[in-house]
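Written out below as structure tokens is the structure these notes cover.
The values are calculated or read from the model by the stated rules, or taken from the named source; none is laboratory data. What you see is a predicted model, and the numbers here were worked out from it, not measured in a lab. When we count neighbours, we look across all protein chains shown, and the Cβ atoms used for this are built from the backbone with ideal geometry, even at glycine. Calculation scope for accessible area: heavy atoms of the full protein, side chains included, ligands and nucleic acids excluded. Shrake-Rupley method; radii C 1.70, N 1.55, O 1.52, S 1.80 Å.
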Amino acid sequence: MQKRTFMAGLLATTMMTAVPALAADWDGPTTGPAAADGKSIVVVAGDLKNGGILGVTTGVEEAAEKIGWQVRVLDGAGSIQGRTAAIGQALALKADGIIINGFDAVEQQAALEGVVAANVPMVAWHSGPKIGCDAPGGIFANVSTDAMTVSEVAAEWAIEDGGKDIGVVIFTDSTYQIAIDKADRLKETVEAAGGKVLEYVDTPIADTSTRMGPLTTSLLQKYGESWTHALAINDLYFDFMGPSLAAAGLAPDAGPQAGSAGDGSEAAFQRIRSNGYQAITVAEPLNLQGWQLVDELNRAIQGEACSGYVTSPALVTPEGLAKLGDSNAFDPDIPYRDAYATIWGK
């Protein structure tokens, strides 16, 4: 099987232990505009209960403090109506720039047209399948890892863990095109290796707290021991699976082994660390991506070109986490803070 290159930090066998020279280890931008002065920006978060969205928001807040901007966070609270209202509020606040954090631009097409009409620069995290510069919906840059790579890594882990006789249930949310694409790639990768996809479950990520318990019980009754692995497009699905597995008398290493194709939430890290009904996640460098969003927005505000930088994911395993001590976040040991501060003249 093809070996992949990840950001060092949480691989099962290797982890960087020091911060080496900037030129040797920073693969992001090294040039760009200095910080625009006195800007006020708004983060429109899809749902702050989502660990990925929360992690990115934290990174934005940290970077905004460094660049010298004011930041306001509005929570869409997991609903379409909530996100629409938050975009409207961001416009009412006369923001110098808006960050769309963790929801599909297509879903909010009408609201985002209002942002474009108001000439407010806009960047995004996970706004759709096209990553990088000039994303749909008037978005200057859509920050993400390569979602298809993330799905392939998660599926390949399941195959390596269980062999070709695995039976996989895939969890996704058709509200988001990127979630559909990730789930499709999970399915394709499992089946291409000879594994079997037992079921493709479409259930809203915002409703996992109420849906995952009954779903898990139903799937156990339906498939029994043939259900060997659970793969999901986000860690949040597994926040609520464990109690049902435990109620069925299944130990963490006896029931379906859970692996997530994103995003590396704190709760997921803790489950993996404690053998708590999740075996791996494929994590994104959420805090770094928050800094990248601020840098891209600084470029957009000043009429400069976007950087085109795409971050790399990491396969998070119990062995890799053991090397991190008490940390429950994938914050790669590369000097991205120094790199961006240098660009901004800070």
Would you call Y340 in contact with a helix residue (DSSP H, G or I) (Cβ under 7 Å, 6 or more places away or on another chain), modelled with pLDDT of 95 or more, of a type outside the set (A, V, I, L, M, F, W, C) and not in a helix (DSSP H, G or I)? no
Among strands (runs of 3 or more DSSP E) entirely inside the range 147-233, those with 2 or more residues being within 16 Å of the chain's Cα centre (by Cα) are 167-172, 229-232
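Evaluate the following for L297: is it among the aliphatic types (A, V, I, L, M) and either part of a strand (DSSP E or B) or closer than 23 Å to I98 by Cβ (or both)?
On the way: among the aliphatic types (A, V, I, L, M): yes; either part of a strand (DSSP E or B) or closer than 23 Å to I98 by Cβ (or both): yes.
Yes: the conditions hold for L297.
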Considering the range 234-252 alone, what residues qualify as being of a type in the set (A, V, I, L, M, F, W, C) and assigned to a helix (DSSP H, G or I)? L236, F238, F240, L245, A246, A247
Filter the range 53-93 for residues that are in a helix (DSSP H, G or I), within 27 Å of A341 (Cβ to Cβ) and out of contact with any Gly (no Cβ under 8 Å at 6 or more places or on another chain) and give the result. L54, A64, E65, K66, I67, A90
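Restricting the search to the range 292-312, which residues are open to solvent by 10 Å² or more (accessible area, probe 1.4 Å) and either more than 16 Å from the chain's Cα centre (by Cα) or not polar (S, T, N, Q) (or both)? So that I can check it myself, show each step before the final result.
The first filter runs over the range 292-312 and keeps only residues open to solvent by 10 Å² or more (accessible area, probe 1.4 Å), leaving 299-310, 312.
Result: R299, A300, I301, Q302, G303, E304, A305, C306, S307, G308, Y309, V310.
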